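Reading through the structure tokens given below for one structure.
The values are calculated or read from the model by the stated rules, or taken from the named source; none is laboratory data. Computed from a predicted structure; not experimentally measured. In this analysis, Cβ positions are derived from the backbone assuming ideal geometry, glycine residues included, and neighbour counts consider all displayed protein chains.
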Amino acid sequence: MENLIWIFVSALLINNFTLAYFLGLCPFLGVSGKLVTAFRLGLANIFVMLITGACTFVLNTWVLPYAPYLRLISFIIVIASSVQFVEMAVKKLSPELFKALGIFLPLITTNCAILGLALFTTNKGYGFVEGMIYALGAGAGVTLALVLLAGIREETRILNIPNVIKGTALNLIIAGIISMAFMGFAGLFST
């Protein structure tokens, strides 16, 4: 049980996909304009990562030992199909969220954080439960990064900021500061 908690905390805070590995930066910078939209995209990311984690285990256990050269292509197919499923569900259940996410929902397909999850889970040799905890922690970490940046971006709209750093420059500065703050967790939880 302690190992599972460590896997979750590590993926959430210490080895955060967005803030430590710099994976998934396109939605991180593109969708983090509004807090609600960022949170909902984060939930969609968690869902896709959980599906990817489960499918990765199945593929690694029963298919890929016999055809290891299909590893990357099979992961991409799993990610694309699970994102398509999420897109159809969001379009049916919440049309306003579907419009708010716009192009960024299909971009989850090319989100390198999800492919990174499949590859990292494979390389670490996680079983099913460990892989699912890792996927949940990684998805929660991406969501946390999205929500933190979105919250700070919403607050900066009311501030008097020089025109030189408004927009993308300010977003990158904020992202860098958040990333440095998360580096502190590595020292806090070291064994």
Number of positions in segment 172-189 that are hydrophobic (A, V, I, L, M, F, W, C) and more than 16 Å from VAL147 (Cβ to Cβ)
8
Step by step: first the residues of segment 23-72, then only those that are assigned to a loop (DSSP other than H, G, I, E, B) and of a type in the set (Ser, Thr, Tyr), then the one that is nearest to ALA150 (Cα to Cα). Which residue is that?
SER32
For segment 170-191, name all the residues that are of a type outside the set (S, T, N, Q) and either surrounded by fewer than 12 Cβ atoms within 10 Å (Cβ to Cβ) or in contact with an Asp or Glu (Cβ under 9 Å, 6 or more places away or on another chain) (or both).
ILE173, GLY176, ILE177, MET180, ALA181, GLY184, GLY187, LEU188
Within the group LEU35, LEU43, LEU29, LEU23, which residue is surrounded by fewer than 23 Cβ atoms within 10 Å (Cβ to Cβ), more than 18 Å from LEU115 (Cβ to Cβ), in contact (Cβ under 8 Å) with a residue 60 or more places away in the chain and under 10 Å from the mean Cα position of the chain (by Cα)?
LEU43
Could you list, in sequence order, all residues of segment 81-121 that are aromatic (Phe, Trp, Tyr) and either at pLDDT 90 or above or under 26 Å from ASN60 (Cα atoms) (or both)?
PHE85, PHE120
Given the conditions (1) outside any helix (DSSP H, G or I); (2) exposed (fewer than 15 other Cβ atoms within 10 Å of the Cβ); (3) touching a helix residue (DSSP H, G or I) at 6+ places or on another chain (Cβ under 8 Å), every one holds for TYR126 apart from (2)
Here is a list of conditions, (1) within 30 Å of ILE174 (Cα to Cα); (2) loosely packed, with under 15 Cβ neighbours inside 10 Å; (3) charged (D, E, K, R), and GLU87 meets all of them except one; can you say which number that is?
(2)
